[in-house]
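Peer 1: To start, I am sharing the structure in question, which I have written as structure tokens.
No value in this document is a laboratory result; all are computed from the given coordinates. These numbers were taken from a predicted model, which means no experiment stands behind them. Using ideal geometry, Cβ is built from the backbone for each residue, glycine included, and neighbour counts are taken over all protein chains shown.
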Amino acid sequence: VSDPQILLDRLYDAVFDGKAEAAVGVALEALDVDVAPTEMLFDAMIPALEEVGLRFEAGEVFLPEMLIAARAMSAVMDLLRPLIVSAGVEKAGTVLIGTVAGDIHDVGKKLVVVMMEGAGFDVIDLGINVSADAFVEAVREHHPDVVAISAFLTTTLPEVGRTIAAITEAGLRDEVKILIGGAPVNDLTVTEAGADGYAPDASSAVRTAKTLIGLPA
Ligand code: B12
């Protein structure tokens, strides 16, 4: 069946069930009938992971299921990434990104990376469980325009402020704009942590990053 909605539903189910191979298969079918990669992300894969999170909270699914769902999403993202990151966009600047110490969530961060690259940013991805010191070292080495910091747990949220404090103590705060995000982050966190901006999702992350460095969003 090549009905786009049915394909999106099947993609949702495959990610929800953590079936990486099936998810990639459906995504290929969807590409064949011109379903946009971003539509697959925002209308099928992200909602599927959100549902997994809600069921986890309700005690209906467990850690392994969360993990395999995230893996299925990553497998499809590997396929879609080059399609979203279209060639020839004007260079916007350099973004340094990482998930804070003690936190290993990276699906949302990877999505931010893909959207940033799609908008013409060079992205240096430090990965997960990145210590404040590692952030500082990387700022020294790469001189990014924007430092993007992710935290996904209420328990690792304080690391955002610690990381920014370390960048400040190293005398590097004036060199960079700092953008923060991840599920527990909000506007209040921005003030508390001493960041420059926050965005709730990957596409607004791109707009906010551009605004912070004085580009039209
Ligand atoms: C997949 C998942 C996992 C996987 C992670 C795999 C991976 N490679 O990422 C695994 C199984 C490892 C995992 C582990 C744990 N998890 Co978990 N996990 C999730 C789950 C289901 C999905 C996260 C996700 O990928 N969401 C989809 C993405 C697209 O959304 P996102 O992450 O929010 O990212 C978006 C925005 O936040 C934003 N964004 C992201 N980064 C940035 C950065 C910047 C700069 C900006 C501007 C924006 C931005 O853009 C993204 C795209 O729109 C969530 C539930 C949920 N619905 O969020 C729980 C959840 C985050 N996990 C939770 C918990 C409790 C845990 C564990 C502590 C469980 C345990 N008891 O061990 C461990 C912690 C491990 C650790 N030390 O980090 C809780 C957190 C509760 C809380 N308030 O702290 C959640 C909310 C589940 C729940 N409802 O209880 N988890």
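Peer 1: Looking at segment 75-85, which of the residues that are free of Cβ contacts under 8 Å to residues at least 40 places away in the same chain and within 11 Å of LEU41 (Cα to Cα) is nearest to the ligand (Cβ to nearest atom)?
Peer 2: Per the criteria, the residue is MET77.
Peer 1: Got at least one residue in segment 38-46 being free of Cβ contacts under 8 Å to residues at least 40 places away in the same chain, among the aliphatic types (A, V, I, L, M) and touching an Asp or Glu at 6+ places or on another chain (Cβ under 8 Å)?
Peer 2: Scanning segment 38-46 turns up at least one residue that is free of Cβ contacts under 8 Å to residues at least 40 places away in the same chain, among the aliphatic types (A, V, I, L, M) and touching an Asp or Glu at 6+ places or on another chain (Cβ under 8 Å).
Peer 1: Now for a separate question. Just the residues that are outside any loop (DSSP other than H, G, I, E, B), within 13 Å of the ligand (Cβ to nearest atom) and of a type outside the set (Lys, Arg), please, taken from segment 162-177. Full working, then the answer.
Peer 2: As a first pass, look at segment 162-177 and keep what is outside any loop (DSSP other than H, G, I, E, B): 162-169, 173-175, 177.
Adding the requirement that they be within 13 Å of the ligand (Cβ to nearest atom) leaves 163-164, 177.
Scanning segment 162-177 gives THR163, ILE164.
Peer 1: Can you name every residue in segment 141-161 that is in a helix (DSSP H, G or I) and of a type in the set (A, V, I, L, M)?
Peer 2: VAL160, the sole residue that qualifies.
Rundown of residues vs (1) of a type in the set (D, E, K, R); (2) in contact with a Leu (Cβ under 7 Å, 6 or more places away or on another chain), yes/no style:
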{"site": "VAL15", "(1), (2)": "no, yes"}
{"site": "VAL26", "(1), (2)": "no, yes"}
{"site": "GLU50", "(1), (2)": "yes, no"}
{"site": "ALA75", "(1), (2)": "no, no"}
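Peer 1: Let me ask you something else. Scan segment 142-169 for residues that are of a type in the set (Ser, Thr, Tyr) and more than 25 Å from ASP122 (Cα to Cα) and jot them down.
Peer 2: THR154, THR155, THR156
Peer 1: Something else: When you scan segment 102-125, how many residues do you find that are of a type in the set (Val, Ile, Thr) and in contact with a Phe, Trp or Tyr (Cβ under 7 Å, 6 or more places away or on another chain)?
Peer 2: Here the count works out to 0.
Peer 1: Have a look at GLU159, GLU192 and point out the one that is surrounded by fewer than 17 Cβ atoms within 10 Å (Cβ to Cβ) and more than 10 Å from the ligand (Cβ to nearest atom).
Peer 2: GLU192
Peer 1: Any idea how many residues of segment 86-128 are more than 21 Å from HIS142 (Cβ to Cβ) and in a loop (DSSP other than H, G, I, E, B)?
Peer 2: 7
Residue by residue, here is whether (1) in contact (Cβ under 8 Å) with a residue 40 or more places away in the chain; (2) among the small types (Gly, Ala, Ser); (3) near the ligand (Cβ under 8 Å from one of its atoms) holds:
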residue	(1), (2), (3)
ALA48	no, yes, no
LYS91	no, no, no
THR94	yes, no, no
GLY98	yes, yes, no
VAL112	yes, no, yes
ASP122	no, no, no
LEU126	no, no, no
ALA132	no, yes, no
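Peer 1: I'm trying to understand the selection: among the residues of segment 47-64, which are in a helix (DSSP H, G or I) and either farther than 19 Å from ASP9 by Cα or of a type in the set (Lys, Arg) (or both)? Lay out the reasoning, then the answer.
Peer 2: If we filter segment 47-64 for residues that are in a helix (DSSP H, G or I), which is where we start, we get 47-57, 63-64.
Residues satisfying the conditions are ARG55, PHE56, GLU57, LEU63, PRO64.
Peer 1: Cβ contacts < 9 Å: first residue more than 11 Å from PHE16 (Cα to Cα), restricted to segment 51-63; second residue more than 8 Å from the ligand (Cβ to nearest atom) and in a helix (DSSP H, G or I), any location; separation 6+ or different chain. Result?
Peer 2: Once the first residue is more than 11 Å from PHE16 (Cα to Cα) and sits in segment 51-63, its partners that are more than 8 Å from the ligand (Cβ to nearest atom) and in a helix (DSSP H, G or I) give PHE56/GLU65.
Peer 1: Which one is nearest to MET115 (Cα to Cα) among residues in segment 5-46 that are outside any helix (DSSP H, G or I) and within 14 Å of the ligand (Cβ to nearest atom)?
Peer 2: GLY18
Peer 1: Can you find a residue that is under 20 Å from the mean Cα position of the chain (by Cα) and either of a type in the set (Ser, Thr, Tyr) or part of a loop (DSSP other than H, G, I, E, B) (or both) anywhere in segment 76-85?
Peer 2: Looking only at segment 76-85, we keep the residues that are under 20 Å from the mean Cα position of the chain (by Cα), and these are 76-85.
Of the ones still in play, those that are also either of a type in the set (Ser, Thr, Tyr) or part of a loop (DSSP other than H, G, I, E, B) (or both) are 85.
Yes; the residues of segment 76-85 include at least one that is under 20 Å from the mean Cα position of the chain (by Cα) and either of a type in the set (Ser, Thr, Tyr) or part of a loop (DSSP other than H, G, I, E, B) (or both).
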